[in-house]
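In what follows, a structure is listed as structure tokens, so that the remarks can point back to it.
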Amino acid sequence: MSESKSMILGCAGKSLTPEEIRFYGGERPWGFILFARNIGEPGQIRDLVASMRDSVDRPDAPVFIDQEGGRVQRLRPPLAPNYPAGGALGALWREDREAGRRAAWLMARLHAFDLLRYGITADCLPVLDVPVQGASDVIGARAYGAEPDAVIELGRASAEGLVAGGVLPVMKHIPGHGRASADTHFALPTVDTPLAELRRHDFAPFKALNHLPMAMTAHVVYSAVDPDHPATTSARVVNEVIRGEIGFDGLLMSDDTSMKALSGDFPTKAAAILAAGCDLVLHCNGVFEEMSGIASRTTALEGKSLARAERALSYIKGRDVAEEAAIRAEFATYFKAVA
């Protein structure tokens with residue numbers, strides 16, 4: 001662990017190139033992330049994940065994926081069923097809270113079955129953003145609901161389901177992406193909402209679940225806190241809001257640095273993210289030149305960041321003894337279409 005650098009990287013294709021293997025071996029990212037372009041047959045996925053870990057000589061190197069359900073789901077049939085979006089869980093919760101909580105736990109527990117069979121050990125879930133009317137639909141149905149209570153209850157159940165299955169949860173997008181008026185893949189949104197309302201509505205789910213081991217930042221400007229920088233590169237947001245008001249002392253990773261919301265070249269982005277107080281820089285698209293730029297300004301994982309990384313990896317104590325067939329059958333009583 002002490003030899004790792006403060007970054008999580010993707011790769012270009014379905015297997016590592018010799019250039020990527022040399023690069024990862026030299027630069028030693030702490031973890032890796034998979035996207036749809038990396039997903040093929042079951043054996044290929046397992047081989048890719050194993051080769052990532054081999055490249056850094058760390059059998060415990062975490063491998064992440066976005067497996068939410070709905071439109072954000074990297075493993076698709078026949079590798080994993082199509083699952084409903086978070087909004088469908090929220091609709092069930094509004095009809096029957098206990099049923100909604102149970103369905104959220106079951107779905108996350110099924111994600112854990114799906115991911116671990118390929119060696120994937122971390123899921124960028126739960127989504128704790130609370131959308132408001134008129135915001136960009138980049139979150140939309142990915143959210144559990146438009147009220148903090150629903151997001152807290154279903155986010156907690158989802159995180160607990162992942163942990164029960166031995167998969168590390170990553171809550172996103174701290175301190176809240178629900179008001180963003182633009183898709184951060186393409187533009188930088190500014191939220192002008194007063195701080196008191198942000199505390200009540202946007203920050204609340206993250207504060208309620210501040211014990212979780214990892215969180216991903218939002219590429220969003222909150223003018224009430226820092227009008228000049230998005231949360232990802234704002235020392236004020238990281239220190240005063242995320243670490244302070246929200247009380248999150250887990251491992252903090254940036255959202256993807258290849259998104260257009262962040263300005264500057266890749267070395268500049270990486271340096272700004274770490275200077276703001278994030279523990280890890282995330283780069284997803286696998287473009288080699290961009291990864292090289294990130295690595296050029298990324299430092300060794302040490303001090304508090306190293307301690308948080310070690311705590312995150314030790315957060316998973318083991319797996320429960322749930323039977324996959326039974327979990328799938330129970331989940332099908334709530335959402336039959338994906339059984």
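All of the numbers you see were taken from the coordinates with simple rules; none came from a lab. In this text, all values refer to a predicted model and were calculated from it rather than measured experimentally. Cβ coordinates were reconstructed from backbone atoms using ideal geometry, including for glycine residues, and neighbour counts include every protein chain displayed.
Key figures
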quantity	calculated
Where Cα atoms sit under 23 Å apart: lysine pairs in the chain separated by 8 or more or lying on different chains	12
Order of TYR334, TYR24, TYR144 under a 10 Å beta carbon neighbour criterion, fewest first	TYR334, TYR24, TYR144
Extension gain (nm, one decimal) between ASN82 and ASP137, 0.36 nm per residue minus Cα-Cα	17.8 nm
Range of Cα positions in the stretch 174-331 per principal axis (Å), largest first	49, 40, 32
Fully extended contour minus Cα-Cα distance, from GLU98 to ALA307, at 0.36 nm per residue	71.6 nm
Value of D in µm² per second that Stokes-Einstein yields for the chain, Kirkwood Rh from Cα pairs, at 25 °C (0.890 mPa s)	124
Kyte-Doolittle mean at least 0.0 and Cα axial length at least 18 Å: DSSP H helices in the chain	148-164
Sequence of TRP30, TRP93, TRP105 once ranked by neighbouring C-beta atoms within 10 Å, starting from the fewest	TRP105, TRP93, TRP30
Per-residue [θ]222 nm for the chain (sum of -39500 (n - 2.57) over DSSP H runs n ≥ 4, rounded to 500)	-11000 deg cm²/dmol
Dipole moment magnitude, nearest 20 debye, the stretch 30-89 about Cα centre, only Lys, Arg, Asp, Glu C-beta charged	200
